[in-house]
Amino acid sequence: MQYPVDELVRLALEEGFTHAGQLNTSALVFMPEVREMCRADRCHAYGKNWHCPPACGSIEEAARRAAGYSFGMLVQTVGRMEDDFDYETIEATSKAHAESFVSMMRRLKKRYQDILGMGAGTCARCKPCTYPDAPCRFPDDAYSSMEAYGLWVSKVCELSGIPYNYGPQTIAFTSCYLLK
Ligand code: SF4
């Protein structure tokens, strides 16, 4: 199937992302070292979310799942901060990115029978996540992060020819979708 890059980029921009482009699928290298960074629990989600390690499955399972897709796209939301401590903008940009990510995923699911979305950070739809006491409340919208899959996001961007960093006093959130 021909990958409709321009059309998917247009959809992504309509959904509110600031940048989008084709993902180089050969850049999808699933690294145990990245998964180990999850275990360090700097984001306080390790062992607390259905879509974070260890509940989201092993790195081998992540690689196997991703191997079933033939093309992909990267999407980004870039915020402009007033200074290096502009946490308000960081939080607002993160929230906007998560909303665009879920909205785009729903839209893509109408066109493609099977997609795999990997977001930026933990699925934060429910506060707190129901893990481990009850099933995920929104399995259709829930997602793992690129890092939980073991992807080195800056490397994936670099190998896809898409910036990861947009310069001083900017904050960028990056996610991706795999499709077939
Ligand atoms: S949708 Fe809710 S219950 Fe499901 S993984 Fe996300 S936060 Fe947890």
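Remarks
- Total residues in the stretch 108-129, condition buried (at least 16 other Cβ atoms within 10 Å of the Cβ) and assigned to a helix (DSSP H, G or I): 1
- Every residue from the stretch 124-160 that is among the hydrophobic types (A, V, I, L, M, F, W, C) and either within 8 Å of the ligand (Cβ to nearest atom) or more than 17 Å from the chain's Cα centre (by Cα) (or both): ALA124, CYS126, CYS129, ALA134, CYS136, PHE138, ALA142
- Matching entry among PRO163, PRO132 (being assigned to a loop (DSSP other than H, G, I, E, B), surrounded by fewer than 13 Cβ atoms within 10 Å (Cβ to Cβ) and modelled with pLDDT of 95 or more): PRO132
- Here MET105 fits the description: surrounded by 18 or more Cβ atoms within 10 Å (Cβ to Cβ) and either among the acidic types (Asp, Glu) or within 16 Å of the ligand (Cβ to nearest atom) (or both).
The values are calculated or read from the model by the stated rules, or taken from the named source; none is laboratory data. All values derive from a computational prediction rather than experimental measurement. Neighbour counts are summed over all protein chains in view; Cβ atoms, including those assigned to glycine, are modelled from backbone coordinates with ideal geometry.
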